[in-house]
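First comes the structure, then the notes that go with it.
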Amino acid sequence: MIRAHGIKKNYGVRTVLNGIDFVAEQKKITYILGSSGGGKSTLLKILIGALKPDDGQVFFRDMDITKLRGTGLDPFRKKIGMLFQQGALLNSLTVGENISLPIREHTPLDDNIIKIMVKMKLELVGLRDFEDLYPGQLSGGMQKRVALARALALDPEVVFFDEPTSGLDPIVSSVITKLISDLNRVLGITCIVVTHAVEEAMKIANKIVILYKGMVLAEGTPAEIQGSSDPIVQQFITGSPDGPISFHASSRDFREDLLVE
Amino acid sequence: MKNFAGYLGRAFITFLQDLSSLYYLFRETVLQSFVLITDRKKLSQARLLAQIDEIGTQSLPLVLAVAALLGVAMTVLISFQLKEVGGYNYIPGLVAVAIFREMGPLITALIVAGRVGAAFTARIGTMKVSEEILALETMAINPVRFLVVQRFIGLLFSLPALTTLASFTAVLGGFLFGSTRLGIRPDTYVRETLDVLTFTDVYSGVIKAGVFAVIIVMVGCYRGLVVEGGAEEVGRATMLSVVSSTLAIIVLDTVMTGAFYG
(Lines give C-alpha, C1' and ligand atoms only; values in the text may rest on other atoms or scores of the structure.)
Protein backbone atom coordinates (compact mmCIF):
# COMPACT_ATOMS: atom_id res chain seq x y z
CA MET A 1 0.00 0.00 0.00
CA ILE A 2 2.84 2.38 0.94
CA ARG A 3 6.12 1.67 -0.81
CA ALA A 4 9.32 3.60 -0.17
CA HIS A 5 12.07 3.21 -2.71
CA GLY A 6 15.66 4.45 -2.33
CA ILE A 7 14.80 7.35 0.01
CA LYS A 8 17.78 9.63 0.64
CA LYS A 9 17.86 12.79 2.71
CA ASN A 10 20.72 15.02 3.80
CA TYR A 11 20.64 18.00 6.14
CA GLY A 12 23.67 19.95 4.99
CA VAL A 13 26.61 17.56 5.12
CA ARG A 14 24.82 15.16 7.49
CA THR A 15 23.20 12.15 5.82
CA VAL A 16 20.01 11.24 7.67
CA LEU A 17 18.51 8.69 5.28
CA ASN A 18 20.74 6.80 2.88
CA GLY A 19 18.57 4.69 0.60
CA ILE A 20 15.54 3.44 2.51
CA ASP A 21 13.46 0.70 0.88
CA PHE A 22 10.43 -0.88 2.50
CA VAL A 23 6.81 -1.81 1.88
CA ALA A 24 3.94 -1.30 4.31
CA GLU A 25 1.23 -3.74 3.33
CA GLN A 26 -2.47 -2.99 3.25
CA LYS A 27 -4.46 -3.67 6.45
CA LYS A 28 -1.28 -4.53 8.35
CA ILE A 29 0.60 -2.85 11.18
CA THR A 30 4.15 -1.85 10.22
CA TYR A 31 6.50 -0.60 12.92
CA ILE A 32 9.53 1.46 11.94
CA LEU A 33 12.05 1.24 14.77
CA GLY A 34 15.30 3.09 15.27
CA SER A 35 17.28 4.90 17.89
CA SER A 36 16.66 8.56 18.73
CA GLY A 37 18.03 10.87 16.04
CA GLY A 38 18.14 7.97 13.59
CA GLY A 39 15.98 9.63 10.94
CA LYS A 40 12.62 8.06 11.86
CA SER A 41 10.74 11.35 12.05
CA THR A 42 12.37 12.56 8.83
CA LEU A 43 11.23 9.36 7.11
CA LEU A 44 7.72 9.83 8.47
CA LYS A 45 7.56 13.41 7.17
CA ILE A 46 8.65 12.14 3.75
CA LEU A 47 6.01 9.38 3.85
CA ILE A 48 3.21 11.90 4.49
CA GLY A 49 4.49 14.31 1.84
CA ALA A 50 5.53 17.03 4.31
CA LEU A 51 9.19 16.82 3.28
CA LYS A 52 10.74 16.10 -0.10
CA PRO A 53 13.54 13.50 -0.20
CA ASP A 54 16.76 14.33 -2.01
CA ASP A 55 16.31 11.11 -3.93
CA GLY A 56 13.88 8.19 -4.09
CA GLN A 57 10.12 7.75 -4.34
CA VAL A 58 7.20 7.03 -2.04
CA PHE A 59 4.23 5.30 -3.62
CA PHE A 60 0.72 5.27 -2.22
CA ARG A 61 -0.77 2.58 -4.44
CA ASP A 62 0.49 3.80 -7.84
CA MET A 63 0.71 7.48 -6.89
CA ASP A 64 4.26 8.80 -6.41
CA ILE A 65 3.69 11.36 -3.67
CA THR A 66 7.22 12.76 -3.89
CA LYS A 67 6.23 14.23 -7.28
CA LEU A 68 3.18 16.03 -5.86
CA ARG A 69 3.18 19.56 -4.48
CA GLY A 70 0.70 21.87 -2.76
CA THR A 71 -2.92 21.02 -3.46
CA GLY A 72 -1.77 18.09 -5.62
CA LEU A 73 -1.20 16.22 -2.35
CA ASP A 74 -4.77 16.78 -1.12
CA PRO A 75 -6.31 13.59 -2.60
CA PHE A 76 -3.59 11.56 -0.82
CA ARG A 77 -3.92 13.49 2.43
CA LYS A 78 -7.68 12.97 2.54
CA LYS A 79 -7.01 9.23 2.59
CA ILE A 80 -4.52 9.30 5.46
CA GLY A 81 -4.56 10.23 9.13
CA MET A 82 -1.60 11.28 11.23
CA LEU A 83 -1.07 11.12 14.97
CA PHE A 84 1.69 13.56 15.89
CA GLN A 85 4.11 12.96 18.74
CA GLN A 86 2.69 15.84 20.83
CA GLY A 87 -0.83 15.48 19.45
CA ALA A 88 -0.66 18.81 17.55
CA LEU A 89 -4.26 19.63 18.47
CA LEU A 90 -5.33 23.18 17.70
CA ASN A 91 -5.34 24.75 21.15
CA SER A 92 -7.80 27.50 20.25
CA LEU A 93 -10.48 24.93 19.34
CA THR A 94 -12.41 22.56 21.60
CA VAL A 95 -11.95 18.81 21.35
CA GLY A 96 -15.16 18.55 19.31
CA GLU A 97 -14.12 21.37 16.98
CA ASN A 98 -10.72 19.77 16.45
CA ILE A 99 -12.29 16.51 15.35
CA SER A 100 -14.99 18.13 13.23
CA LEU A 101 -12.49 20.39 11.43
CA PRO A 102 -11.45 17.98 8.63
CA ILE A 103 -15.05 16.74 8.29
CA ARG A 104 -16.40 20.28 7.85
CA GLU A 105 -13.57 21.10 5.48
CA HIS A 106 -13.90 18.16 3.15
CA THR A 107 -17.49 16.94 3.30
CA PRO A 108 -20.85 18.60 2.61
CA LEU A 109 -22.41 17.02 5.74
CA ASP A 110 -24.67 19.16 7.91
CA ASP A 111 -23.97 20.09 11.52
CA ASN A 112 -26.15 17.40 13.11
CA ILE A 113 -24.45 14.59 11.19
CA ILE A 114 -21.03 16.05 11.99
CA LYS A 115 -21.93 16.16 15.70
CA ILE A 116 -22.88 12.48 15.59
CA MET A 117 -19.64 11.62 13.77
CA VAL A 118 -17.59 13.52 16.38
CA LYS A 119 -19.30 11.57 19.18
CA MET A 120 -18.59 8.29 17.35
CA LYS A 121 -14.91 9.13 16.92
CA LEU A 122 -14.61 10.18 20.56
CA GLU A 123 -16.34 6.97 21.66
CA LEU A 124 -13.71 5.01 19.70
CA VAL A 125 -10.99 6.51 21.89
CA GLY A 126 -13.11 6.44 25.06
CA LEU A 127 -13.50 10.20 25.52
CA ARG A 128 -17.12 10.88 24.55
CA ASP A 129 -17.77 13.30 27.45
CA PHE A 130 -14.83 15.56 26.66
CA GLU A 131 -16.19 17.20 23.52
CA ASP A 132 -16.47 20.71 24.94
CA LEU A 133 -13.09 20.87 26.70
CA TYR A 134 -10.03 22.55 25.25
CA PRO A 135 -6.81 20.54 24.63
CA GLY A 136 -5.05 22.46 27.42
CA GLN A 137 -7.55 21.02 29.91
CA LEU A 138 -6.61 17.42 29.06
CA SER A 139 -3.73 15.22 30.16
CA GLY A 140 -1.01 14.20 27.67
CA GLY A 141 -2.54 10.76 27.16
CA MET A 142 -6.01 12.19 26.61
CA GLN A 143 -4.63 14.69 24.10
CA LYS A 144 -3.10 11.85 22.13
CA ARG A 145 -6.40 9.96 22.14
CA VAL A 146 -8.23 13.07 20.90
CA ALA A 147 -5.54 13.52 18.25
CA LEU A 148 -6.14 9.91 17.22
CA ALA A 149 -9.88 10.59 17.01
CA ARG A 150 -9.10 13.57 14.75
CA ALA A 151 -6.78 11.42 12.62
CA LEU A 152 -9.70 9.01 12.14
CA ALA A 153 -12.23 11.74 11.33
CA LEU A 154 -12.30 11.11 7.58
CA ASP A 155 -12.15 7.30 7.91
CA PRO A 156 -8.62 7.10 6.49
CA GLU A 157 -7.16 4.05 4.76
CA VAL A 158 -3.77 4.58 6.39
CA VAL A 159 -2.88 6.11 9.76
CA PHE A 160 0.67 7.20 10.56
CA PHE A 161 1.78 7.34 14.19
CA ASP A 162 4.80 9.36 15.34
CA GLU A 163 6.05 8.02 18.69
CA PRO A 164 2.48 7.35 19.89
CA THR A 165 3.47 6.25 23.41
CA SER A 166 6.47 8.46 24.17
CA GLY A 167 6.15 10.40 27.41
CA LEU A 168 3.11 8.43 28.58
CA ASP A 169 2.76 6.24 31.67
CA PRO A 170 2.69 2.45 31.12
CA ILE A 171 -1.09 2.15 31.44
CA VAL A 172 -1.85 4.94 28.96
CA SER A 173 0.84 3.51 26.66
CA SER A 174 -0.92 0.15 26.74
CA VAL A 175 -4.26 1.84 26.01
CA ILE A 176 -2.79 3.59 22.94
CA THR A 177 -1.11 0.37 21.76
CA LYS A 178 -4.40 -1.51 22.12
CA LEU A 179 -6.19 1.25 20.20
CA ILE A 180 -3.74 0.88 17.31
CA SER A 181 -4.27 -2.87 17.32
CA ASP A 182 -8.07 -2.48 17.45
CA LEU A 183 -8.11 0.05 14.62
CA ASN A 184 -6.27 -2.41 12.44
CA ARG A 185 -8.23 -5.48 13.53
CA VAL A 186 -11.75 -4.01 13.65
CA LEU A 187 -11.64 -1.28 11.01
CA GLY A 188 -8.97 -2.75 8.73
CA ILE A 189 -6.88 0.43 8.81
CA THR A 190 -3.28 0.18 7.63
CA CYS A 191 -1.08 1.47 10.46
CA ILE A 192 2.48 2.75 10.12
CA VAL A 193 4.07 3.42 13.49
CA VAL A 194 7.39 5.18 13.98
CA THR A 195 8.79 4.59 17.45
CA HIS A 196 11.66 3.29 19.53
CA ALA A 197 9.33 1.28 21.79
CA VAL A 198 10.47 -2.25 20.93
CA GLU A 199 8.21 -4.09 23.39
CA GLU A 200 5.05 -2.58 22.00
CA ALA A 201 6.17 -3.37 18.42
CA MET A 202 6.80 -6.99 19.33
CA LYS A 203 3.26 -7.24 20.74
CA ILE A 204 1.17 -5.97 17.83
CA ALA A 205 3.27 -5.45 14.69
CA ASN A 206 2.79 -7.56 11.58
CA LYS A 207 6.07 -6.26 10.29
CA ILE A 208 9.03 -4.47 11.85
CA VAL A 209 11.55 -2.36 9.96
CA ILE A 210 14.70 -1.37 11.89
CA LEU A 211 16.60 1.73 10.76
CA TYR A 212 20.27 2.14 11.57
CA LYS A 213 22.59 4.85 10.27
CA GLY A 214 20.01 5.96 7.72
CA MET A 215 19.51 2.52 6.20
CA VAL A 216 17.22 -0.46 6.74
CA LEU A 217 19.15 -2.78 9.01
CA ALA A 218 16.54 -5.52 9.25
CA GLU A 219 12.90 -6.18 8.43
CA GLY A 220 10.50 -8.98 9.09
CA THR A 221 7.88 -10.28 11.47
CA PRO A 222 8.48 -9.84 15.22
CA ALA A 223 9.54 -13.51 15.39
CA GLU A 224 12.03 -13.05 12.56
CA ILE A 225 13.47 -9.93 14.18
CA GLN A 226 13.78 -11.66 17.54
CA GLY A 227 15.53 -14.59 15.87
CA SER A 228 17.99 -12.38 14.01
CA SER A 229 21.65 -13.20 14.55
CA ASP A 230 22.76 -9.63 13.75
CA PRO A 231 24.40 -8.25 16.92
CA ILE A 232 23.14 -4.72 16.17
CA VAL A 233 19.54 -5.98 15.91
CA GLN A 234 19.98 -7.99 19.11
CA GLN A 235 21.42 -5.02 20.97
CA PHE A 236 18.58 -2.82 19.75
CA ILE A 237 15.75 -5.15 20.75
CA THR A 238 17.27 -6.09 24.09
CA GLY A 239 18.26 -2.49 24.87
CA SER A 240 21.67 -3.57 26.07
CA PRO A 241 24.14 -0.71 26.75
CA ASP A 242 27.03 -2.89 25.55
CA GLY A 243 27.37 -3.86 21.92
CA PRO A 244 28.16 -2.55 18.47
CA ILE A 245 25.82 0.45 18.76
CA SER A 246 28.00 3.14 20.30
CA PHE A 247 26.82 5.32 23.18
CA HIS A 248 28.84 8.17 21.67
CA ALA A 249 27.24 10.00 18.80
CA SER A 250 30.33 12.05 17.92
CA SER A 251 32.16 10.98 14.79
CA ARG A 252 35.52 12.57 15.73
CA ASP A 253 38.11 10.80 17.83
CA PHE A 254 37.91 11.86 21.49
CA ARG A 255 41.71 12.01 21.92
CA GLU A 256 42.06 14.23 18.82
CA ASP A 257 39.24 16.40 20.11
CA LEU A 258 41.12 17.03 23.36
CA LEU A 259 44.27 18.19 21.58
CA VAL A 260 43.49 21.87 21.60
CA GLU A 261 45.81 23.96 19.47
CA MET B 1 35.81 45.03 6.76
CA LYS B 2 35.49 41.91 4.63
CA ASN B 3 33.29 40.36 7.32
CA PHE B 4 31.14 43.47 7.46
CA ALA B 5 30.68 43.43 3.68
CA GLY B 6 29.76 39.76 3.89
CA TYR B 7 27.27 40.49 6.65
CA LEU B 8 25.68 43.26 4.59
CA GLY B 9 25.51 41.00 1.53
CA ARG B 10 23.84 38.20 3.48
CA ALA B 11 21.40 40.63 5.09
CA PHE B 12 20.47 42.02 1.68
CA ILE B 13 19.89 38.53 0.24
CA THR B 14 17.75 37.62 3.27
CA PHE B 15 15.78 40.85 2.79
CA LEU B 16 15.11 40.01 -0.86
CA GLN B 17 14.09 36.46 0.05
CA ASP B 18 11.71 37.78 2.73
CA LEU B 19 10.26 40.28 0.26
CA SER B 20 9.66 37.56 -2.30
CA SER B 21 8.06 35.26 0.30
CA LEU B 22 5.86 38.12 1.52
CA TYR B 23 4.68 38.71 -2.04
CA TYR B 24 3.71 35.02 -2.42
CA LEU B 25 1.99 35.04 0.97
CA PHE B 26 0.04 38.18 0.00
CA ARG B 27 -0.98 36.65 -3.33
CA GLU B 28 -2.13 33.43 -1.66
CA THR B 29 -3.97 35.43 1.02
CA VAL B 30 -5.91 37.46 -1.56
CA LEU B 31 -6.72 34.29 -3.52
CA GLN B 32 -7.84 32.42 -0.40
CA SER B 33 -9.87 35.46 0.74
CA PHE B 34 -11.97 35.10 -2.42
CA VAL B 35 -12.31 31.36 -1.78
CA LEU B 36 -13.53 32.11 1.74
CA ILE B 37 -15.93 34.89 0.77
CA THR B 38 -17.54 32.78 -1.94
CA ASP B 39 -17.99 29.73 0.32
CA ARG B 40 -20.70 30.45 2.89
CA LYS B 41 -19.92 27.37 4.96
CA LYS B 42 -16.24 28.21 5.28
CA LEU B 43 -17.08 31.88 5.86
CA SER B 44 -19.24 30.99 8.87
CA GLN B 45 -16.39 28.87 10.25
CA ALA B 46 -13.86 31.67 9.85
CA ARG B 47 -15.05 33.63 12.93
CA LEU B 48 -14.47 36.95 11.23
CA LEU B 49 -16.52 38.84 13.80
CA ALA B 50 -14.41 37.34 16.59
CA GLN B 51 -11.28 38.52 14.76
CA ILE B 52 -12.65 42.02 14.27
CA ASP B 53 -13.59 42.06 17.95
CA GLU B 54 -10.17 40.85 19.04
CA ILE B 55 -8.26 43.21 16.78
CA GLY B 56 -10.52 46.24 16.84
CA THR B 57 -12.65 46.38 19.97
CA GLN B 58 -9.93 45.17 22.29
CA SER B 59 -7.41 47.68 20.89
CA LEU B 60 -9.91 50.53 21.17
CA PRO B 61 -9.26 51.74 24.76
CA LEU B 62 -5.49 51.92 24.26
CA VAL B 63 -5.74 53.58 20.84
CA LEU B 64 -8.29 56.17 22.03
CA ALA B 65 -6.34 57.00 25.19
CA VAL B 66 -3.12 57.53 23.21
CA ALA B 67 -4.98 59.52 20.54
CA ALA B 68 -6.58 61.87 23.10
CA LEU B 69 -3.21 62.54 24.73
CA LEU B 70 -1.62 63.02 21.32
CA GLY B 71 -4.25 65.64 20.43
CA VAL B 72 -3.54 67.53 23.65
CA ALA B 73 0.25 67.30 23.20
CA MET B 74 0.09 68.57 19.62
CA THR B 75 -2.15 71.46 20.64
CA VAL B 76 0.27 72.42 23.42
CA LEU B 77 3.29 72.32 21.07
CA ILE B 78 1.62 74.24 18.27
CA SER B 79 0.19 76.86 20.65
CA PHE B 80 3.63 77.38 22.17
CA GLN B 81 4.94 78.52 18.77
CA LEU B 82 1.86 80.42 17.61
CA LYS B 83 1.53 82.35 20.89
CA GLU B 84 4.55 84.41 19.83
CA VAL B 85 2.82 85.64 16.66
CA GLY B 86 -0.72 85.74 18.04
CA GLY B 87 -1.97 83.04 15.68
CA TYR B 88 -4.19 80.99 18.02
CA ASN B 89 -6.88 80.84 15.33
CA TYR B 90 -4.63 78.62 13.26
CA ILE B 91 -4.36 75.97 15.97
CA PRO B 92 -7.59 74.03 15.23
CA GLY B 93 -6.85 73.63 11.53
CA LEU B 94 -3.20 72.75 12.02
CA VAL B 95 -3.97 70.14 14.65
CA ALA B 96 -6.80 68.59 12.62
CA VAL B 97 -4.83 68.37 9.38
CA ALA B 98 -1.70 66.98 11.06
CA ILE B 99 -3.77 64.37 12.88
CA PHE B 100 -5.98 63.20 10.02
CA ARG B 101 -3.20 63.19 7.44
CA GLU B 102 -0.31 61.89 9.46
CA MET B 103 -0.39 61.30 13.19
CA GLY B 104 -3.72 59.44 13.47
CA PRO B 105 -2.94 56.72 10.90
CA LEU B 106 0.72 56.45 11.97
CA ILE B 107 0.20 56.20 15.72
CA THR B 108 -2.75 53.81 15.38
CA ALA B 109 -0.79 51.55 13.03
CA LEU B 110 2.24 51.52 15.34
CA ILE B 111 0.10 50.63 18.37
CA VAL B 112 -1.69 47.87 16.45
CA ALA B 113 1.62 46.54 15.03
CA GLY B 114 2.99 46.26 18.57
CA ARG B 115 -0.14 44.82 20.07
CA VAL B 116 -1.81 42.75 17.34
CA GLY B 117 1.00 42.07 14.83
CA ALA B 118 3.23 40.73 17.60
CA ALA B 119 0.36 38.53 18.84
CA PHE B 120 -0.12 37.12 15.30
CA THR B 121 3.56 36.16 15.13
CA ALA B 122 3.63 34.67 18.62
CA ARG B 123 0.45 32.64 18.07
CA ILE B 124 1.28 31.35 14.60
CA GLY B 125 4.92 30.75 15.58
CA THR B 126 3.83 28.69 18.57
CA MET B 127 1.49 26.71 16.32
CA LYS B 128 4.39 26.12 13.94
CA VAL B 129 6.76 24.76 16.58
CA SER B 130 4.06 22.56 18.11
CA GLU B 131 3.36 21.05 14.65
CA GLU B 132 -0.22 22.40 14.55
CA ILE B 133 0.43 23.92 11.11
CA LEU B 134 1.87 20.64 9.83
CA ALA B 135 -1.26 18.96 11.23
CA LEU B 136 -3.44 21.35 9.19
CA GLU B 137 -1.45 20.56 6.04
CA THR B 138 -1.72 16.83 6.73
CA MET B 139 -5.50 17.25 6.93
CA ALA B 140 -5.37 18.97 3.49
CA ILE B 141 -6.42 22.28 5.08
CA ASN B 142 -4.73 25.36 3.63
CA PRO B 143 -2.93 27.06 6.58
CA VAL B 144 -3.05 30.45 4.84
CA ARG B 145 -6.85 30.31 4.59
CA PHE B 146 -7.17 28.94 8.10
CA LEU B 147 -4.74 31.30 9.84
CA VAL B 148 -3.99 34.34 7.70
CA VAL B 149 -7.15 35.18 5.76
CA GLN B 150 -9.41 35.79 8.76
CA ARG B 151 -6.77 38.04 10.32
CA PHE B 152 -6.29 39.81 6.98
CA ILE B 153 -9.98 40.58 6.51
CA GLY B 154 -10.41 41.38 10.22
CA LEU B 155 -7.61 43.95 10.26
CA LEU B 156 -8.60 45.38 6.87
CA PHE B 157 -11.93 46.33 8.47
CA SER B 158 -10.64 47.18 11.94
CA LEU B 159 -7.62 49.38 11.28
CA PRO B 160 -9.30 52.04 9.08
CA ALA B 161 -12.18 52.18 11.58
CA LEU B 162 -9.77 52.44 14.52
CA THR B 163 -7.74 55.09 12.70
CA THR B 164 -10.79 57.25 11.97
CA LEU B 165 -11.97 57.00 15.59
CA ALA B 166 -8.46 57.77 16.84
CA SER B 167 -8.20 60.85 14.61
CA PHE B 168 -11.57 62.18 15.82
CA THR B 169 -10.57 61.51 19.43
CA ALA B 170 -7.23 63.29 18.99
CA VAL B 171 -8.99 66.32 17.48
CA LEU B 172 -11.45 66.20 20.39
CA GLY B 173 -8.51 66.17 22.82
CA GLY B 174 -7.09 69.24 21.09
CA PHE B 175 -10.52 70.90 21.15
CA LEU B 176 -10.95 70.34 24.90
CA PHE B 177 -7.47 71.66 25.67
CA GLY B 178 -7.80 74.60 23.28
CA SER B 179 -11.21 75.68 24.53
CA THR B 180 -10.51 75.22 28.24
CA ARG B 181 -6.85 76.18 28.62
CA LEU B 182 -6.05 78.42 25.66
CA GLY B 183 -9.26 80.39 25.71
CA ILE B 184 -10.32 79.62 22.13
CA ARG B 185 -14.12 79.79 21.88
CA PRO B 186 -15.63 76.33 21.22
CA ASP B 187 -17.67 77.49 18.21
CA THR B 188 -14.58 79.19 16.74
CA TYR B 189 -12.53 76.03 17.28
CA VAL B 190 -15.11 73.87 15.47
CA ARG B 191 -15.55 76.39 12.62
CA GLU B 192 -11.79 76.75 12.10
CA THR B 193 -11.36 72.98 12.09
CA LEU B 194 -14.11 72.41 9.52
CA ASP B 195 -12.87 75.28 7.33
CA VAL B 196 -9.41 73.77 6.99
CA LEU B 197 -10.09 70.02 7.05
CA THR B 198 -10.92 68.53 3.63
CA PHE B 199 -12.40 65.21 2.62
CA THR B 200 -9.01 64.27 1.12
CA ASP B 201 -7.43 64.61 4.57
CA VAL B 202 -9.90 62.07 5.97
CA TYR B 203 -9.81 59.53 3.16
CA SER B 204 -6.02 59.69 2.72
CA GLY B 205 -5.79 58.59 6.38
CA VAL B 206 -8.20 55.72 5.71
CA ILE B 207 -6.21 54.61 2.65
CA LYS B 208 -3.01 54.74 4.68
CA ALA B 209 -4.66 52.63 7.37
CA GLY B 210 -5.67 50.03 4.76
CA VAL B 211 -2.08 49.77 3.51
CA PHE B 212 -0.75 49.56 7.08
CA ALA B 213 -3.26 46.79 7.83
CA VAL B 214 -1.85 44.73 4.94
CA ILE B 215 1.71 45.32 6.21
CA ILE B 216 0.89 44.35 9.81
CA VAL B 217 -0.94 41.14 8.85
CA MET B 218 1.54 40.03 6.22
CA VAL B 219 4.64 40.68 8.32
CA GLY B 220 3.06 39.34 11.54
CA CYS B 221 1.81 36.12 9.94
CA TYR B 222 4.88 35.59 7.75
CA ARG B 223 7.26 35.85 10.71
CA GLY B 224 5.16 33.28 12.54
CA LEU B 225 4.91 30.89 9.60
CA VAL B 226 8.68 30.75 9.06
CA VAL B 227 9.64 30.06 12.69
CA GLU B 228 11.85 26.99 13.09
CA GLY B 229 12.97 25.61 16.43
CA GLY B 230 11.50 26.36 19.82
CA ALA B 231 10.25 29.03 22.20
CA GLU B 232 13.37 31.15 21.84
CA GLU B 233 12.85 31.38 18.09
CA VAL B 234 9.21 32.38 18.61
CA GLY B 235 10.38 35.25 20.84
CA ARG B 236 12.97 36.32 18.27
CA ALA B 237 10.42 36.17 15.45
CA THR B 238 7.99 38.29 17.49
CA MET B 239 10.65 40.94 18.06
CA LEU B 240 11.59 40.87 14.35
CA SER B 241 7.93 41.15 13.42
CA VAL B 242 7.44 44.36 15.42
CA VAL B 243 10.71 45.87 14.16
CA SER B 244 10.02 45.00 10.49
CA SER B 245 6.42 46.20 10.49
CA THR B 246 7.32 49.41 12.35
CA LEU B 247 10.02 50.20 9.79
CA ALA B 248 7.78 49.30 6.85
CA ILE B 249 4.94 51.44 8.23
CA ILE B 250 7.17 54.49 8.66
CA VAL B 251 8.75 54.11 5.21
CA LEU B 252 5.39 53.60 3.48
CA ASP B 253 3.86 56.47 5.44
CA THR B 254 6.54 58.81 4.11
CA VAL B 255 6.03 57.52 0.57
CA MET B 256 2.23 57.89 0.76
CA THR B 257 2.38 61.35 2.33
CA GLY B 258 4.66 62.37 -0.54
CA ALA B 259 2.24 60.83 -3.06
CA PHE B 260 -0.86 62.51 -1.60
CA TYR B 261 0.55 65.94 -0.82
CA GLY B 262 3.99 66.14 -2.40
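The values are calculated or read from the model by the stated rules, or taken from the named source; none is laboratory data. Worth saying up front: this structure is predicted, and the values here are computed from it rather than measured. Cβ: placed from backbone, ideal geometry, glycine included. Neighbour counts: every protein chain shown.
Descriptive notes on the structure:
- Helices (runs of 4 or more DSSP H) fully within segment B:16-103 counting 2 or more residues that are in contact (Cβ under 8 Å) with a residue 40 or more places away in the chain: B:48-52, B:60-85, B:91-98
- Residue check, residue B:114 more than 14 Å from chain A (Cβ to nearest Cβ) and over 15 Å from the mean Cα position of the chain (by Cα): no
- When residues in segment A:134-186 are screened for being in the same structural domain as residue A:97 (by TED's automatic domain parsing) and more than 24 Å from residue A:106 (Cα to Cα), 7 of them pass.
- Of B:122, B:140, B:135, all but one fail to be within 14 Å of chain A (Cβ to nearest Cβ), within 19 Å of residue A:135 (Cα to Cα) and either assigned to a loop (DSSP other than H, G, I, E, B) or touching a residue at least 24 places away in the same chain (Cβ under 8 Å) (or both); the exception is B:122.
- Segment A:6-17, subset surrounded by fewer than 16 Cβ atoms within 10 Å (Cβ to Cβ) and modelled with pLDDT under 90, residue farthest from the other protein chains (Cβ to nearest Cβ): A:13
- Scanning segment B:34-56 for residues that are surrounded by fewer than 13 Cβ atoms within 10 Å (Cβ to Cβ), within 21 Å of the chain's Cα centre (by Cα) and more than 12 Å from chain A (Cβ to nearest Cβ) yields a total of 1.
- Condition check for residue A:21: under 28 Å from residue A:165 (Cβ atoms) and at pLDDT 90 or above: yes
- Test: residue in segment B:18-27 that is within 13 Å of another protein chain (Cβ to nearest Cβ) and among the acidic types (Asp, Glu): no
- Of the helices (runs of 4 or more DSSP H) contained entirely in segment A:30-113, those carrying at least 2 residues that are within 14 Å of another protein chain (Cβ to nearest Cβ) and buried (at least 20 other Cβ atoms within 10 Å of the Cβ) fall at A:40-47, A:95-106.
- Residue check for residue A:51: touching a Pro at 6+ places or on another chain (Cβ under 9 Å) and of a type outside the set (D, E, K, R): no
- Criterion: of a type in the set (Ser, Thr, Tyr) and more than 19 Å from the chain's Cα centre (by Cα) - qualifying residue of A:177, A:94, A:165: A:94
- Taken over segment B:230-259, the residue count meeting the criterion of being surrounded by fewer than 14 Cβ atoms within 10 Å (Cβ to Cβ) and not hydroxyl-bearing (Ser, Thr, Tyr) is 11.
- Note on segment B:83-113: residues that are touching a helix residue (DSSP H, G or I) at 6+ places or on another chain (Cβ under 6 Å), farther than 26 Å from residue B:251 by Cα and either modelled with pLDDT of 95 or more or among the aliphatic types (A, V, I, L, M) (or both) amount to 1.
- Failed condition for residue A:71, given (1) more than 17 Å from the chain's Cα centre (by Cα); (2) under 25 Å from residue A:4 (Cα atoms); (3) at pLDDT 90 or above: (3)
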